[in-house]
Amino acid sequence: MAVTHQFARVSEQQLASCRAPVEELDRLCSFATAPRSDYLDLDWAPGPLLRVGELACADPGVLAALRRALTGDEEVNPAYRDHPATVWEHPVTTLTSAAVAQVAQMLPDAEAAILAALSSPGGETLAVAGELLPGVDRPGEYLTRHLAALLDFYAGAAHHELAVVVWWD
């Protein structure tokens, strides 16, 4: 089974409960805690999105917001690294609801920069995306679709004042 990048929108109460017993975090990462609509699977897009963002985003604050959206700020529960179902090299991280609101405000700027770079006539950024996604026929479309999903996910989380949990599964 392929390892893909996962996101979940949770209340601050749910996040707090995931910080103590490992079982609660495992339930969240097993898709048993929140409705399916509060989960997002970004497949393998985060690494290439971040690299394209590094090439496209002139504003370091916008790039930092994209990075935070994709990687989180802090580890939820370090004890989960020893759980048999986790990907040890990639700890489960989170953004609090306040951080989600900040990131959600800046992601549209990242989207604009990335979309402009992917559609530029020179095609350098699109070529980089293609190198990073060798099995994807249309890397620009793939990244555009996943970036739109990320923005929508964070906008929904910010609107409902939810935290976001990030992990590889």
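What fraction of the Cα pairs in the range 94-140, stated in percent, has a spacing above 16 angstrom? Tail fraction, whole percent: 54.
What the phi angles of the range 124-139 give under the Karplus curve with 6.51, -1.76 and 1.60, with θ = phi - 60°, is a coupling list of 4, 5, 5, 5, 4, 4, x, 5, 7, 10, x, x, 9, 5, 10, x Hz, glycine and proline written as x.
Helix-only arithmetic for the chain: the sum of -39500 (n - 2.57) across DSSP H runs with n ≥ 4, divided by the residue total, places the mean residue ellipticity at 222 nm at -17000 deg cm²/dmol. Legend: residues TRP44, TRP167, sorted from most to least accessible area (1.4 Å probe; ligands, DNA and RNA excluded), read TRP44, TRP167.
Provide, for q = 0.11, 0.13, 0.14 Å⁻¹, the log10 of I(q)/I(0) from a solvent-free Debye sum over equal Cα point scatterers in the chain. Values, matching the q order: -0.44, -0.61, -0.70. Ranked from largest to smallest solvent-accessible area, with a 1.4 Å probe on the protein heavy atoms, VAL62, VAL3 come out as VAL3, VAL62. Between ARG27 and ASP152, the simple label model (points 7 Å from Cα in the Cβ direction) yields a spacing of 2.9 nm.
For the chain, what is the relative contact order in percent, using Cα pairs closer than 8 Å and at least 6 residues apart in sequence?
That works out to 36 percent.
Taking the Cα centre of the range 1-131 as reference, the dipole from Cβ charges on Lys and Arg (+1) and Asp and Glu (-1) amounts to some 140 debye. Taking GluC sites (Glu not before Pro) across the range 47-124, the ones in a DSSP loop with at most 16 further Cβ atoms lying within 10 angstrom of their Cβ are GLU89.
Here the range 20-56 is scanned for amide nitrogen atoms under 18 Å from the site 7 Å beyond the Cα of HIS159 along Cα-to-Cβ, giving 35-41.
The values are calculated or read from the model by the stated rules, or taken from the named source; none is laboratory data. These numbers come from a predicted model, not from an experiment. With ideal geometry, Cβ positions are generated from the backbone for all residues, glycine too; neighbour counts draw on all protein chains shown. Only protein heavy atoms, including side chains, enter the accessible area calculation; ligands, DNA and RNA are left aside. Shrake-Rupley method; radii C 1.70, N 1.55, O 1.52, S 1.80 Å.
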